[in-house]
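The values are calculated or read from the model by the stated rules, or taken from the named source; none is laboratory data. These numbers were taken from a predicted model, which means no experiment stands behind them. Note that each Cβ is placed from the backbone with ideal geometry, even for glycine, and that neighbours are counted across all protein chains shown. Just so you know, the surface numbers come from the protein's heavy atoms only, side chains and all, with ligands and any DNA or RNA stripped out. Shrake-Rupley method; radii C 1.70, N 1.55, O 1.52, S 1.80 Å.
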Amino acid sequence: MPAADNPATTVTSVVPDRGDKAPAPNPELLDDLVVANRILFDQGVVDGFGHISARSPKDPNRYFLARSLAPALVTEADILEFTLDSEAVDPRGRALYTERFIHGEIYKRRPDVKAVVHSHSPSVIPFGISIVPLRPVYHMSSFLGTGAPVFEIRKVSGMSDMLVRTGEQGRALAETLADKSVALMRGHGSVAVGETIPQAVYRGVYTELNARLQAEALRLGGPITYLEPEEAEKATVANNAALSRAWELWKKRVTE
Ligand code: MN
């Protein structure tokens with residue numbers, strides 16, 4: 001039996017009580033989620049705002065997300081468990097992220113998604129408010145090859161404060177995302193999803209970098225050669241096989 005699974009060596013002393021009915025937390029997952037929060041800040045994807053969640057490996061109808069807090073300050077004790085309706089299983093009196101519905105509604109619609117990043121990373125914003133679609137300019141952002149649709153909150157809420165505050169708004173965003181890896185949010189930010197925490201983080205980082213490079217290429221003028229869908233598909237296979245290299249580097253920067 002691996003040490004982590006041995007009841008005699010559980011780490012319950014550092015994991016807050018989640019109540020009788022909540023599934024036991026996965027310490028490794030929570031550790032990765034804390035690291036992911038810090039990486040996203042270190043890599044310039046989130047600032048004081050934005051968040052990342054992970055679906056519970058023990059119950060696909062639950063996910064983990066920090067209490068309302070700047071991502072770089074998140075520790076394991078700040079992470080709460082949520083239902084897919086984005087209600088905290090045991091809120092412990094903590095303030096919650098207003099936009100948690102982004103996460104729950106994407107998990108409902110996308111069984112393949114195990115982690116969700118929401119950010120306001122700046123280079124992406126122009127592509128959500130102009131007629132220029134975000135497209136992959138290099139192999140690292142090949143996951144954009146299937147498209148990056150733009151969510152228009154006016155269609156569901158008219159004149160709003162731009163925040164995804166309800167399940168209805170979150171559902172509309174999840175519908176816009178459909179089967180893609182990334183959706184932009186007009187005048188707000190974006191979401192990136194993944195089958196793992198490192199993959200969602202990778203997509204958040206390279207969505208921002210692609211946006212920066214695409215804008216630079218557009219400023220050069222003339223037609224731009226983007227990755228063809230077939231190139232993007234092949235590059236994605238290669239990138240997925242090499243994800244851990246970037247993750248380990250990013251992790252080292254925020255844990256040492
Ligand atoms: Mn937001």
Of the residues in region 118-150, those that are farther than 17 Å from THR236 by Cβ and in contact with a Gly (Cβ under 8 Å, 6 or more places away or on another chain) come to HIS118, SER119, HIS120, SER121, VAL124, ILE125, GLY128, ILE129, PRO133, VAL150
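Given the options GLY222, GLY194, name the one that is farther than 18 Å from GLY44 by Cα and in contact (Cβ under 8 Å) with a residue 24 or more places away in the chain.
Details: GLY222 fails: in contact (Cβ under 8 Å) with a residue 24 or more places away in the chain.
None of the other options fit; the residue is GLY194.
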Give the number of residues within region 70-106 that are under 18 Å from THR166 (Cα atoms), surrounded by 14 or more Cβ atoms within 10 Å (Cβ to Cβ), in contact (Cβ under 8 Å) with a residue 60 or more places away in the chain and out of contact with any Ser or Thr (no Cβ under 8 Å at 6 or more places or on another chain).
4
Any chance LYS114 is at pLDDT 95 or above, away from the ligand (no atom under 16 Å from the Cβ), among the basic types (Lys, Arg) and more than 29 Å from VAL237 (Cα to Cα)
no
What is the residue count in region 222-254 for residues that are at pLDDT 95 or above and surrounded by fewer than 15 Cβ atoms within 10 Å (Cβ to Cβ)?
18
Here's a check for you: in region 107-116, which residue that is touching a strand residue (DSSP E or B) at 6+ places or on another chain (Cβ under 7 Å) and either on the phi > 0 side of the Ramachandran plot or not in a strand (DSSP E or B) (or both) is most open to solvent (accessible area, probe 1.4 Å)?
LYS114
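Does ARG67 satisfy the condition of being farther than 26 Å from ASN26 by Cα, open to solvent by 40 Å² or more (accessible area, probe 1.4 Å), within 17 Å of the chain's Cα centre (by Cα) and not hydrophobic (A, V, I, L, M, F, W, C)?
Values: farther than 26 Å from ASN26 by Cα: no; open to solvent by 40 Å² or more (accessible area, probe 1.4 Å): yes; within 17 Å of the chain's Cα centre (by Cα): yes; not hydrophobic (A, V, I, L, M, F, W, C): yes.
Taking the combined requirement at face value, the residue does not satisfy it.
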Residue in region 27-55 that is nearest to VAL205 (Cα to Cα), counting only those that are of a type in the set (Gly, Ala, Ser) and crowded, with 20+ Cβ neighbours inside 10 Å:
ALA36
